[in-house]
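Worksheet: one structure, shown below.
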Amino acid sequence: MQISFTLNGRPTTVDVAPATLVSDLLREQLSLTGTHVGCDTSQCGACVVHLDGAPVKSCTLLAPSLDGATLLTIEGLGATAGSNGLHPMQEAFREHHGLQCGFCTPGMVMTATALAAANPAPTEAEVRRGLEGNICRCTGYQNIVIAVMAGAAAMHATSAGE
Amino acid sequence: MRAFAYHQPNEISEAVKLLTSVEDCKVLGGGMTLIPTLKQRLAAPAAVVDLAKLPALKGISDDGVTVTIGAMTPHAVVAASPIVQARIPALAHLASEIGDPAVRNRGTLGGSVANNDPAADYPAAVLGLGATIITSAREIAADRFFVGLFETALEPGEIITAIRFPVPVAAGYAKFKAPASRYALVGVFVARFADGVRVAVTGAGAGVFRVAAMEQALSQSFEPTSIASIKIDAAGLTSDIHAEADYRAHLVTVMAKRAVTAASR
Ligand SMILES: Cc1cc2nc3c(=O)[nH]c(=O)nc-3n(C[C@H](O)[C@H](O)[C@H](O)COP(=O)(O)OP(=O)(O)OC[C@H]3O[C@@H](n4cnc5c(N)ncnc54)[C@H](O)[C@@H]3O)c2cc1C
């Protein structure tokens with residue numbers, strides 16, 4: 001079937017079998033491999049993307065659900081705001097060593113930007129609760145939490161300055 | 001995942017027609033339970049009927065006595081709803097404690113209640129509040145809806161369209177989360193109405209159930225102390241890697257007391 005949606009700001013039309021996961025569509029058909037598949041059982045959050053602005057697990061979303069929607073992946077994030085191509089949240093992850101092996105990072109960043117958009121100054125407890133669906137198997141949570149708090153502050157400082 | 005035909009009807013009647021005429025058809029709500037089972041090939045339907053484009057299954061309304069929530073309303077929307085927060089805050093709280101943010105953005109009230117997972121949260125609120133399940137065919141009282149393990153009173157081809165919750169005087173929900181999934185190891189929903197109290201337990205057994213002894217004691221005196229000595233029989237409760245039946249039985253009293261405390265705030 002044919003589906004049309006907005007992908008990282010661009011109108012996109014693709015031909016897919018209905019039994020296609022969005023994570024597979026992105027990685028295999030559209031070569032957007034920034035979205036990672038960690039567990040493939042809806043638990044780990046490495047595949048989080050924004051569907052109409054809300055973070056969702058793309059490994060548990062059927063491609064037909066994209067029809068008419070707006071999708072943002074980690075590839076589309078850098079270009080939307082921030083300096084030097086990086087989004088302020090990505091910048092904060094780099095600055096605060098919010099990653100070790102980096103596999104979970106795209107999902108962490110996507111969840112974090114949605115969290116910070118809804119809550120400009122999240123507390124540590126709110127960040128930890130907000131990241132409940134994102135697993136870091138390096139267990140590097142401490143710096144991820146620090147990075148998300150700093151990234152939230154930077155996101156809102158940037159938008160206030162614009 | 002095996003191939004399937006995909007349908008996205010715009011009318012409930014059209015959805016029902018598909019479900020009753022197309023062979024081996026499955027309803028898709030938020031997909032947070034169905035898609036994992038498709039991926040594991042525990043289910044391999046020939047066709048999927050996606051309820052996403054049915055406007056009648058969305059929305060939250062308040063008629064003064066009851067709050068009605070459309071079946072396709074995601075958990076995150078229930079949790080953030082000003083109506084639910086004002087009228088049945090315990091229900092908004094329960095929705096905010098399901099899974100994680102991404103699960104709450106997709107998973108729906110109707111899907112959770114239709115699935116009737118023995119550790120799901122919503123069944124405790126539906127039974128605890130004595131809600132009414134509104135389907136494409138009829139209305140079903142919560143007391144007759146939850147039949148057994150993953151089993152409900154729904155007939156083949158029957159779609160939940162909304163759930164109508166009576167507004168209680170006070171209500172509270174307390175759950176002991178399984179740490180990895182955040183499903184209820186034990187969850188207890190307590191609701192006080194002008195004419196009595198209802199207590200519903202999820203996570204502990206093969207399905208959600210009421211506790212008459214606690215309901216009577218709390219109707220006399222709505223205090224945590226009035227149920228402190230009421231023990232649940234562990235026979236028939238679930239034993240698994242997370243907890244033994246006797247521990248679950250113990251947790252029912254602990255969570256019930258916490259739910260009463262939460263309701264009294
Ligand atoms: C990581 C993770 C953690 C979770 N944690 C929790 C938790 O803590 N607590 C909890 O309660 N749940 C939890 N869930 C489950 C979640 O709440 C699901 O949303 C819910 O169980 C199913 O709802 P759904 O809308 O996704 O339904 P689907 O997956 O689309 O459907 C589930 C079943 O219901 C049927 N169905 C769907 N909608 C309808 C309808 N309107 N009428 C008739 N039948 C219908 C489908 O055919 C299918 O059989 C978790 C899920 C995941 C993936």
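The values are calculated or read from the model by the stated rules, or taken from the named source; none is laboratory data. None of the values given here were measured: they were computed from a predicted structure. Positions of Cβ are backbone-derived with ideal geometry, glycine not excepted, and every protein chain shown enters the neighbour counts. With ligands, DNA and RNA removed, areas are computed over all heavy atoms of the protein, side chains included. Shrake-Rupley method; radii C 1.70, N 1.55, O 1.52, S 1.80 Å.
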Inset, instruction - At q = 0.07 Å⁻¹, work out log10 I(q)/I(0) for the protein assembly as shown with the Debye formula, treating every Cα as an identical point scatterer and leaving solvent out; two decimals please. - result: -0.36
Inset, instruction - For B:SER136, tell me the accessible area in Å² from a 1.4 Å probe, rounded to the nearest 10. - result: 50
Inset, instruction - Leaving ligands, DNA and RNA out of it, report the carbon-plus-sulfur percent of the accessible area of chain B at a 1.4 Å probe. - result: 53
Legend entry - Number of Lys pairs (Cα under 29 Å; 8 or more positions apart or on different chains) in the protein assembly as shown: 23
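Determine the shielding of peptide A:122-135 by partner chains: average, over its residues, the number of Cβ atoms on other chains within 10 angstrom of each Cβ. Walk me through the intermediate numbers first.
Working: counts 0, 0, 0, 0, 0, 0, 0, 4, 2, 2, 7, 8, 3, 2.
Mean shielding by partner chains, rounded to a whole number: 2.
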Inset, instruction - Mind listing the long-range amide H neighbours of B:ALA120? Cut-off is under 5 Å, sequence gap 5 or more, other chains count too, H placed in the peptide plane at 1.01 Å from N. - result: B:GLY203
Inset, instruction - Between A:ALA114, A:ALA46, A:ALA147, find the one with the highest GNM mean-square fluctuation for chain A; connect C-alpha pairs within less than 10 Å. - result: A:ALA114
Legend entry - Whole-Hz couplings from phi, Karplus 6.51/-1.76/1.60, listed for segment B:87-99; x for Gly and Pro: 8, 9, x, 5, 6, 5, 4, 4, 4, 6, 9, 7, x
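Rounded, prolate or oblate: which fits segment B:209-258, taking a ≥ b ≥ c as square roots of the Cα gyration tensor eigenvalues, rounded meaning a/c under 1.5, else prolate when a/b beats b/c?
Numbers: a/c = 3.07, a/b = 2.12, b/c = 1.44.
Since a/c reaches 1.5 and a/b is larger than b/c, the shape of segment B:209-258 is classed as prolate.
What relative contact order, as a whole-number percentage, does segment A:80-159 give when Cα pairs under 8 Å and 6 or more residues apart are counted? Numbers along the way, then the final one.
Working: 93 pairs, mean separation 37.4, N = 80.
Computed value for segment A:80-159: 47 percent relative contact order.
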Legend entry - Accessible surface buried once A binds B (1.4 Å probe; total of both sides; Å²): 1900
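So what's segment A:80-159 giving for Rg/Rh, alpha carbon basis, Kirkwood Rh from the mean inverse pair distance?
Values: Rg = 11.2 Å, Rh = 12.1 Å.
The Rg/Rh ratio comes out at 0.92.
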Inset, instruction - Note down the accessible area of A:THR12, probe 1.4 Å, to the nearest 10 Å². - result: 20
Inset, instruction - Would you grab the residues whose amide H sits under 5 Å from the one on B:GLY30? Only those 5+ places off in sequence or on another chain, please, with H modelled 1.01 Å from N. - result: B:THR108, B:GLY111
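Which helices count as membrane-span-like in chain A under these terms: full DSSP H, at least 18 Å along the axis by C-alpha, Kyte-Doolittle mean of -1.0 or more?
Numbers: long enough: A:105-118 (20 Å, 1.19); A:141-161 (30 Å, 0.95).
Length and hydropathy pass: A:105-118, A:141-161.
For chain A, compute Rg over Rh where Rg is the Cα radius of gyration and Rh is the Kirkwood radius from the inverse mean 1/r over Cα pairs. Each step should come with its number before you reach the end.
Working: Rg = 15.3 Å, Rh = 15.8 Å.
Result for chain A is an Rg/Rh of 0.97.
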Legend entry - DSSP-defined antiparallel bridges as percent of all bridges, the protein assembly as shown, nearest 5: 85
Inset, instruction - Starting from the amide H of B:THR152, placed 1.01 Å from N in the peptide plane, find each other amide H under 5 Å away whose residue is 5 or more places distant or on another chain. - result: B:VAL147
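Ratio to report: Rg/Rh of chain B, with Cα atoms as the point set and Rh obtained by the Kirkwood method; give two decimals. Write out the running numbers ahead of the final one.
Values: Rg = 18.2 Å, Rh = 18.7 Å.
Value, to two decimals: 0.97.
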Legend entry - For segment B:39-49, 3J(HN,Hα) per residue [Karplus equation, 6.51 cos²θ - 1.76 cosθ + 1.60, θ = phi - 60°, Hz, x = Gly/Pro]: 5, 7, 6, 6, 10, 9, x, 7, 8, 10, 10
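Give me the percent relative contact order of segment A:2-77, please, defined on Cα pairs under 8 angstrom at least 6 residues apart. Intermediate results must be reported in sequence, preceding the final value.
Values: 141 pairs, mean separation 30.6, N = 76.
That works out to 40 percent.
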Inset, instruction - Go through segment B:74-117 and flag every residue whose accessible area shrinks by 40 Å² or more with all protein chains in place compared to the isolated chain (probe 1.4 Å). - result: B:ASP100, B:PRO101, B:ALA102, B:ASN105, B:ARG106
Legend entry - Cβ neighbours within 10 Å from other chains - mean over B:28-39: 4
Inset, instruction - Any chance you could check the Cα centroid distance between segment B:165-213 and segment A:1-32 for me, in angstrom? - result: 41
Legend entry - Integer Hz, Karplus 6.51/-1.76/1.60 couplings in order for segment B:177-183, x for Gly and Pro: 7, 5, x, 7, 9, 6, 4
Inset, instruction - With a probe of 1.4 Å, find how much accessible area chain A has per residue, and write the answer as a whole number in Å². - result: 43
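With +1 on each Lys and Arg Cβ and -1 on each Asp and Glu Cβ, how big is the dipole of segment B:193-265 about its Cα centre, in debye rounded to the nearest 20? If you can, show how the numbers build up before the last one.
Numbers: 7 positive and 7 negative charges, 45 e Å.
Rounded to the nearest 20 debye, it is 220 debye.
How would segment B:1-53 be classified by its alpha-carbon gyration tensor: rounded, prolate or oblate, with rounded meaning a/c under 1.5 and the a/b versus b/c comparison settling the rest? Before the final figure, lay out each step's value.
Details: a/c = 2.54, a/b = 1.55, b/c = 1.64.
Note, shape of segment B:1-53 comes out oblate.
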Inset, instruction - Order the following by accessible area, largest value first: B:ASP143, B:ASP195, B:ASP100. Probe radius 1.4 Å; ligands, DNA and RNA are ignored. - result: B:ASP195, B:ASP143, B:ASP100
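Restricting to chain B, compute how many DSSP beta bridges are antiparallel as a %, nearest 5. Please report the intermediate quantities before stating the final value.
Numbers: 35 of 42 bridges.
Close to 85 percent.
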Inset, instruction - Return the single residue from B:PRO156, B:PRO123, B:PRO168 with maximal mean-square fluctuation; model: Gaussian network over chain B, springs between Cα atoms under 10 Å. - result: B:PRO156
Inset, instruction - Please report the relative contact order for segment B:170-263, taking Cα pairs under 8 Å with a sequence separation of at least 6, and give it as a percent rounded to a whole number. - result: 33
Inset, instruction - Summarise the partner chain shielding of A:59-69 as one whole number: the mean count of Cβ atoms from other chains within 10 Å of each residue's Cβ. - result: 5
Inset, instruction - Taking only Cα atoms and a 10 Å spring cutoff, compute GNM fluctuations for chain A and point out the largest among A:ALA152, A:ALA92, A:ALA69. - result: A:ALA69
Inset, instruction - Enter the accessible area of B:VAL197 (Å², nearest 10), with the probe set to 1.4 Å and all protein chains included. - result: 10
Legend entry - Probe 1.4 Å, all protein chains present, accessible-area order of A:LYS57, B:LYS17, B:LYS257, largest first: B:LYS17, B:LYS257, A:LYS57
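Please report, in debye to the nearest 20, how large the charge dipole of segment A:80-159 is about its Cα centre when each Lys and Arg carries +1 at its beta carbon and each Asp and Glu carries -1 there. Write down the numbers at each step before the final one.
Numbers: 4 positive and 5 negative charges, 29 e Å.
Here segment A:80-159 has a charge dipole of around 140 debye.
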Legend entry - Overall form of segment B:170-263 per C-alpha gyration tensor (a/c, 1.5; a/b vs b/c): prolate
Legend entry - Estimated inter-spin distance, A:ARG129 and B:ALA194, nm [label 7 Å along Cα→Cβ]: 3.4
